[in-house]
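The values are calculated or read from the model by the stated rules, or taken from the named source; none is laboratory data. Because the structure is predicted, anything quoted here is derived from the model rather than measured. Keep in mind that these areas ignore ligands, DNA and RNA; they rest on the heavy atoms of the full protein, side chains included. Shrake-Rupley method; radii C 1.70, N 1.55, O 1.52, S 1.80 Å.
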Amino acid sequence: MVREIGRTGSEQQGPRRRDWPSTTLLGRLPEQTRAAFVGLGPYREYASEEIVLREGDTTNFVVLLLNGWVKVTASTENGGFALLAIRHGGDLVGEQAGLDGEPRSATVTAAGAVLAKVIALETFLAFLRSHPDAGPPVLQSVSAKLRNATRRRVEFGGCSVAVRLARVIVELERSYGADATDGPGRRVQIALTQPELAALVGAAEPTVHKVLRELRQQGIVDTRYRSIVIRDVEALYRAAGTTRPR
């Protein structure tokens, strides 16, 4: 169920800046510009699994995520789906179709409760004209999405499923990780089904199951229903062929 809510009290102020990672659009904006951006459009609440944007639609608005996570998916030629990305509070979604006027290229679905702002395209463009310091962060955000999509295509063509899965879990930990509450390690805060994880990796579900089993046997991860806990973060980064940031 999608519900529009008023802008009163604490809702009007919205989340504090520290709630938005520096890699998100809201995290990149200067404070006053960010406050102006968050002030645009009505608040909307989306229940888990509600459609925020639908592939093929010709709507002309953008959605600014304030709290929660969404999954970005697209249909495949064989009737399945591809999980393209995950976005969270601080990110902007729908700007590509909003700017070029083409139909939506993907479906955006709430993964748990989501609080967002729905901003008409005209309002968004007027904001960019009146706040020129917002232009570079918006371009950086779009560029980062394109860069990640390109990197994922290269990895899918040249890496094994084991390496791709490790890199996907590393990416999830970087963006949505928190300290585990039941022992050492880090947990991924967004819930993903095994088919969704396989789609994000770009591999057959049985193959992903096998690699996950091997990671469990090595004590690198624990997997439960819609949950991933990384027990040995350093080992996971080694399996991904990358170095953990310090």
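Calculated from the structure, log10 I(q)/I(0) by the Debye sum over Cα atoms at q = 0.11, 0.15, 0.16 Å⁻¹ equals which of (i) -0.61, -1.19, -1.37; (ii) -0.62, -1.11, -1.24; (iii) -0.54, -1.02, -1.17?
The calculated read-out lines up with (ii).
Over 5 Å intervals from 0, what percent of Cα-Cα pairs in the range 121-208 sits in each interval?
Over the range 121-208, the share of Cα pairs per 5 Å bin runs 3, 12, 15, 17, 15, 12, 11, 9, 5, 2, 0 percent.
Could you give the angle, 0 to 90 degrees to the nearest 10, between helix 135-158's Cα long axis and the longest principal axis of the Cα atoms of the chain?
Rounded to the nearest ten degrees, it is 20.
Return a whole-number percent for the relative contact order of the chain, with Cα pairs under 8 Å and 6 or more residues apart as the contact set. Can you show the working numbers first?
Details: 409 pairs, mean separation 43.2, N = 246.
Across the chain, relative contact order equals 18 percent.
Cα gyration tensor of the range 163-246, axes a ≥ b ≥ c as square roots of the eigenvalues: rounded (a/c below 1.5), prolate (a/b > b/c) or oblate?
Numbers: a/c = 1.42, a/b = 1.24, b/c = 1.15.
Here the range 163-246 falls in the rounded category.
For the chain, what is the calculated [θ] at 222 nm in deg cm²/dmol (nearest 500), taking -39500 (n - 2.57) for each run of four or more DSSP H residues and dividing by its residue count?
Here the helix-only value at 222 nm equals -12500 deg cm²/dmol.
Which whole-number percent of Cα pairs in the range 53-164 have a distance greater than 22 Å?
38
Less than 23 Å apart at the alpha-carbon level, and either on another chain or at least 8 residues along: which lysines does that give for K117?
K71, K145
Please give the helix 161-176 orientation as an angle from the longest Cα principal axis of the chain, in degrees from 0 to 90, rounded to the nearest 10.
Value to nearest ten degrees: 40.
Skip the ligands, DNA and RNA, and give the accessible area per residue of the range 198-246 with a 1.4 Å probe, whole Å².
With all protein chains present, the range 198-246 gives 56 Å² per residue.
Report, to the nearest whole %, how much of the accessible area of the chain belongs to carbon and sulfur atoms, 1.4 Å probe, protein only. Walk me through the numbers on the way to the answer.
Details: 6340 of 12590 Å².
For the chain, the apolar C and S fraction of the accessible surface comes to 50 percent.
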